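Asker: First the structure, then my questions, so here it is.
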Amino acid sequence: MAQNLTHRAQAILAAVIANYIRTAEPVGSKTVASREDIKVSPATIRNVMAELEELGYLTQPHASAGRIPTSDGLRFYVDSILEVRELDDSVKHRLRLALPTDEAATHLDISELLKATGRALSGLSQQVAVVSAPHPDQEVLRQMEFILLDSGLILVVIVTRAGAVQNRIIEADTALRQEDLNKFSRYLSDLMADLTLTEVKKRLASEMTREKMRFDKVLGQALNLSQQALTYEVQNDIIIEGQTRLMEAPEFNDVARLRQIFAAFEEKSTILGLLEKSLLAQGVRIFIGSESQEEDLEGLSAITSSYGTPSTPAGALGVIGPTRMNYSKVIPIVDYTAKLVSRLLDQRC
């Protein structure tokens, strides 16, 4: 689409957007003409702004008002005009200070790491920050332990490579002893180490089929216990920080609309749907207005990125705010934060 706009039209569109991001007010031709980088008259600017409106990049909220960018205009700006620079060293330093050190991350509970990430993202971007915890089925297994609680009751402790711990209580044969369970733990940890929990479930099904042909009673008991432990419904946890920042944005002075957005944050499935889209591609993704296809997020933009490894993303993080958010500032913050979290999680391996 870049060929549809002259250099002058792109400069005027960028000027309108920059002023709108700063003030949240419609922008008139005189305001654009006052910029040093715009070398044409207000009359010429008005003509160009009218052309941009015809193209669907600007709109005039009131007959006597200036113009504001549409979602299409913002999309064109982000894709074809905006130059995203590397994050400033001072901001990188602030992010590193806000998150645990590499050494501390190896001992810190993953939920605490992600909460710190959300606080840092919201503070630096001045927007709402969202972070999805790694989906249990996508985490890599480090070990599985069975602990006898009582006759017929066993505590299963599943530890992932990222350091997450899941506990399950299952029922089992009352004749089992702790010595048997220790043997099961060693066998299963060797069999399933370095597989995701999804892959573990597939391996279990395969091993169960092979075990039936071998008639190995001990092995069969171990596989049965594992299968019980891994049969459960999981829901991703989502961390949301800085929701009240939306109250500072003039475009959300409608209390009913603000209440609707807060309800979406509270219910979380809308945010989860957005973050799951980010797992489908590497790098930063930008959703402007209705592009998220989440009705409750209409009028908002989201800048997100997955974290983890390129081949196996663990989760996603990002910021949500008005469509007029400062994209040039927020994009590198999200990108660097995702890379930093990925590195810290790697330290836990």
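Quick note: the coordinates plus some simple rules give every number you see, no bench work behind them. Since the model is a prediction, treat every value here as computed from it, not as a measurement. As a convention, Cβ positions derive from the backbone with ideal geometry for all residues, glycine included, and neighbour counts pool all protein chains shown.
Asker: Using the structure shown, list the pairs from Lys202/Lys339; Lys268/Lys339; Lys202/Lys277; Lys277/Lys339; Lys30/Lys92 with a Cα-Cα distance above 28 Å, or answer none.
Answerer: On the way: Lys202/Lys339 30 Å; Lys268/Lys339 24 Å; Lys202/Lys277 25 Å; Lys277/Lys339 18 Å; Lys30/Lys92 38 Å.
Checking Cα-Cα distances, Lys202/Lys339; Lys30/Lys92 exceed 28 Å.
Asker: Hey, what D do you get for the stretch 2-81 in µm²/s if you plug the Kirkwood alpha-carbon radius into Stokes-Einstein at 37 °C and 0.692 mPa s?
Answerer: Numbers: Rh = 12.2 Å.
In µm²/s, the coefficient is 268.
Asker: Which one of Ala18, Asn47, Ala33 is farthest out on the positive end of the charge dipole of the stretch 1-53, using unit charges on Cβ (Lys, Arg +1; Asp, Glu -1) and the Cα centre as origin?
Answerer: Final value for the positive-end residue is Ala33.
Asker: Convert each backbone phi in the stretch 75-82 into a coupling constant with the Karplus relation 6.51 cos²θ - 1.76 cosθ + 1.60 (shift: θ = phi - 60°), then list the ³J(HN,Hα) values in order as whole Hz, x for Gly and Pro.
Answerer: With the stated coefficients, the stretch 75-82 comes to 5, 4, 4, 5, 7, 10, 10, 4 Hz.
Asker: Tell me which residues come under 5 Å, amide H to amide H, from Leu141 once H is placed; ignore anything under 5 positions away on its chain.
Answerer: Sorted by chain and number, the residues that satisfy this are Arg161, Asp194, Leu195, Thr196, Leu197.
Asker: Cβ neighbours within 10 Å, averaged per peptide: list 14-20, 245-251 in order, most packed at the top.
Answerer: Numbers: 14-20: 21.7, 245-251: 14.4.
Highest to lowest by the protection proxy: 14-20, 245-251.
Asker: Work from the charge dipole of the stretch 2-154 (Cβ charges, +1 for Lys and Arg, -1 for Asp and Glu, about the Cα centre) and give the residue of Gly123, Ala9, Ile110 farthest towards its positive end.
Answerer: Ala9
Asker: What ranking of Thr270, Thr309 emerges when the number of other C-beta atoms within 10 Å of each C-beta is taken as an exposure proxy, fewest first?
Answerer: Working: Thr270 18, Thr309 13.
The order, fewest Cβ neighbours first, is Thr309, Thr270.
Asker: Dipole magnitude of the stretch 2-81 about its Cα centre, charges +1 at Lys/Arg Cβ and -1 at Asp/Glu Cβ only, in debye to the nearest 20? Numbers along the way, then the final one.
Answerer: Working: 8 positive and 8 negative charges, 46 e Å.
It works out to roughly 220 debye.
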